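> Below: one structure in structure tokens.
Since every read-out is calculated from the coordinates, none of them should be taken as a lab result. Keep in mind it's a predicted model, so treat the numbers as computed, not measured. Heads up, the Cβs are rebuilt from the backbone with ideal geometry, glycines too, and the neighbour counts pull from every protein chain shown.
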Amino acid sequence: MNILDDLKLQYRTGGMVQKLIFWNIGCFLLSLVFFYKFSVGKFEIPTWIALSSHLETFISSPWTLITFNFFHFGFFHLIFNLLVLHFSGRLFSTYFTDKQLLGVYVLGGIFSGISFVLSYIFVGKAGLLIGASGAIMAILLSAATYAPFMLLRIPLVGIVKLWHVTFVILLLDLIQLPLDNTGGHIAHLGGALFGFLYIKLLKSGIDLSNGISKVLDFFVNLFKPKTHTPFKKVHRNTTKKGVNSFSEKNVTQKQIDDILDKISKSGYDSLTKEEKEFLFKAGK
């Protein structure tokens, strides 16, 4: 199995956290090709991708409330956000589904973007926002609001509660508000506020992520090729009575189930080369 096949398998079996990481990396590579100015050594993300707080620009490109959450200004900006996404996404996935994770990511990012636009309207300054930080803060705060006393082992620190980690991150944003990148820190806090509100509403029976799931299902079904079945095949059971049979299909499914159980317990990297190749071929 080559590296490309290995990546495809990880994408299919890694869950929504893995998919979001792949999407962010893919968008970064695209921006590196099309938007990186090697002459000045920096990215110049256009306003039809980055979120602008200038009201006229924002109104003319409202889709940027979503696109800005998947692009980054630099390599270290991307790496830091992906590390926090992996950390907070795994915590979130302990209690909630992949669809809920995607819903919180998208809606939290939108909420953080609206907070950014409104802040600059009141402050009277215009700027551009890009990066997944607000969406990731929504995921982290959702997990911390739902399970604040979850114990975490932090290297060089020891065992701490989840709310301790979350409090420190929020405090850093609050301290830096008047110093630099005010709009960015407001966006972080906006995403955090959404994560808190999401869990409070969820406990009262309102799941805001359902809307995102329905929209995605609509587009998936819209572009999904339709299969026509003009006639129904009837298969005769030729197995002799009293003889136990275990078809090749059942054996294959059992092997797949065993491998998926192993991934859920020990992670994808615990698979042997043969198991990875088997799972990849079965996926085809």
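> Summing +1 for each Lys or Arg and -1 for each Asp or Glu, what net charge is found among the other residues whose Cβ lies under 15 Å from the Cβ of LEU152?
+3
> Which of the residue pairs LYS161/LYS254; LYS19/LYS273; LYS99/LYS125 have a Cα-Cα distance greater than 32 Å in the structure shown?
Where the Cα-Cα span goes over 32 Å, the pairs concerned are LYS161/LYS254; LYS99/LYS125.
> By per-residue mean of other Cβ atoms within 10 Å, what is the highest-first order of 33-42, 5-14?
Packing order, densest peptide first, comes out as 5-14, 33-42.
> Under the rule of at least 5 residues apart or a separate chain, name every residue whose amide H is placed under 5 Å from the amide H of MET150.
Residues meeting the amide H criterion: LEU162, TRP163.
> Here's something else I'd like to know. Kindly rank 191-202, 121-132, 165-176 from highest to lowest mean number of other beta carbons found within 10 Å of each residue.
The packing order, highest mean first, is 191-202, 121-132, 165-176.
> For q values of 0.27 Å⁻¹, compute log₁₀ I(q)/I(0) with the Debye formula on a Cα-only model of region 29-98, without solvent.
Each listed q maps to, in turn, -1.12.
> On to the next question. Can you grab the distance from the C-alpha centre of region 164-180 to the C-alpha centre of region 1-77, Å, no decimals?
25
> In sequence order, what are the phi-derived ³J(HN,Hα) couplings for region 54-64 according to the Karplus relation 6.51 cos²θ - 1.76 cosθ + 1.60 with θ = phi - 60°, rounded to whole Hz, with x for glycine and proline?
6, 4, 5, 5, 5, 5, 6, 9, x, 5, 5
> May I pose another question? Can you work out ³J(HN,Hα) from phi for every residue in region 198-213, in order, using Karplus 6.51 cos²θ - 1.76 cosθ + 1.60 and θ = phi - 60°, giving whole Hz and x for Gly and Pro?
Ordered by residue, 3J(HN,Hα) equals 4, 5, 4, 5, 4, 5, 8, x, 10, 9, 5, 6, 4, x, 5, 4 Hz.
> Once a ≥ b ≥ c are taken as the square roots of the eigenvalues of the Cα gyration tensor of region 3-221, is the result rounded (a/c under 1.5), prolate (a/b larger than b/c) or oblate (a/b not larger than b/c)?
The shape class here is rounded.
> For region 129-140, take each phi angle, set θ = phi - 60°, evaluate the Karplus expression 6.51 cos²θ - 1.76 cosθ + 1.60, and give the result in whole Hz per residue in order, putting x for glycine and proline.
Per residue, the Karplus-derived 3J(HN,Hα) values read 10, 8, x, 8, 4, x, 5, 5, 4, 4, 5, 4 Hz.
> Could you order peptides 46-57, 179-190 by the average number of other Cβ atoms within 10 Å of their residues, highest first?
Going by the mean number of other Cβ atoms within 10 Å, highest first, we get 179-190, 46-57.
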